[in-house]
Amino acid sequence: LEFGFAAYVFVRTDDMVGETKTAKLLAEIPEVLEVHHIAGEDCFLLKVRAFDTTHFADILREKIGKIKTVRATRSTIVLGTVKESTALPIEQERKRKGI
């Protein structure tokens, strides 16, 4: 089965500033590929992969939603991906600088 469904989930928590418990619990969820601590109204931004919308709803309800410090979530569904890469342009920068 392919994890063809992608979403970004904004998470608001009851954590005190500097606490890492919720971040660690979110990071333990296999379908959560990225956990970013962010500034603003929300506390975390997650990148989530699922099989389909039903699987995604289960992740929200049964995994993310079961974490006691999670107060609210907002999701943005990916309709299509133009570019997705983990490569950094280090080699290109080295060549440009002659290193």
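Here, each number is a calculation from the coordinates, and none is a lab measurement. The shown structure was predicted, so the numbers you read here are calculated from the model rather than taken from an experiment. Glycine also receives a Cβ, built like all others from the backbone with ideal geometry; neighbour counts cover every protein chain displayed.
Data overview
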{"quantity": "Yes/no for residue 54 being under 26 Å from residue 13 (Cα atoms), outside any helix (DSSP H, G or I) and of a type in the set (Ser, Thr, Tyr)", "calculated": "no"}
{"quantity": "When residues of region 1-57 are limited to those that are of a type in the set (D, E, K, R) and under 14 Å from the mean Cα position of the chain (by Cα), the one nearest to residue 69 (Cα to Cα)", "calculated": "12"}
{"quantity": "Residue, farthest from residue 24 (Cα to Cα), within region 57-94, restricted to residues that are part of a loop (DSSP other than H, G, I, E, B) and small (Gly, Ala, Ser)", "calculated": "80"}
{"quantity": "Pair list, Cβ under 6 Å, 6 or more apart: region 78-92 residue touching a residue at least 40 places away in the same chain (Cβ under 8 Å) and under 22 Å from residue 56 (Cβ atoms), other residue outside any loop (DSSP other than H, G, I, E, B) and of a type outside the set (Ser, Thr, Tyr)", "calculated": "78/6"}
{"quantity": "Number of the exception - residue 7 against (1) touching a strand residue (DSSP E or B) at 6+ places or on another chain (Cβ under 7 Å); (2) without any contact (Cβ under 8 Å) to a residue 60 or more places away in the chain", "calculated": "(2)"}
{"quantity": "Output for region 70-88, where each listed residue is surrounded by 10 or more Cβ atoms within 10 Å (Cβ to Cβ) and more than 15 Å from the chain's Cα centre (by Cα)", "calculated": "71"}
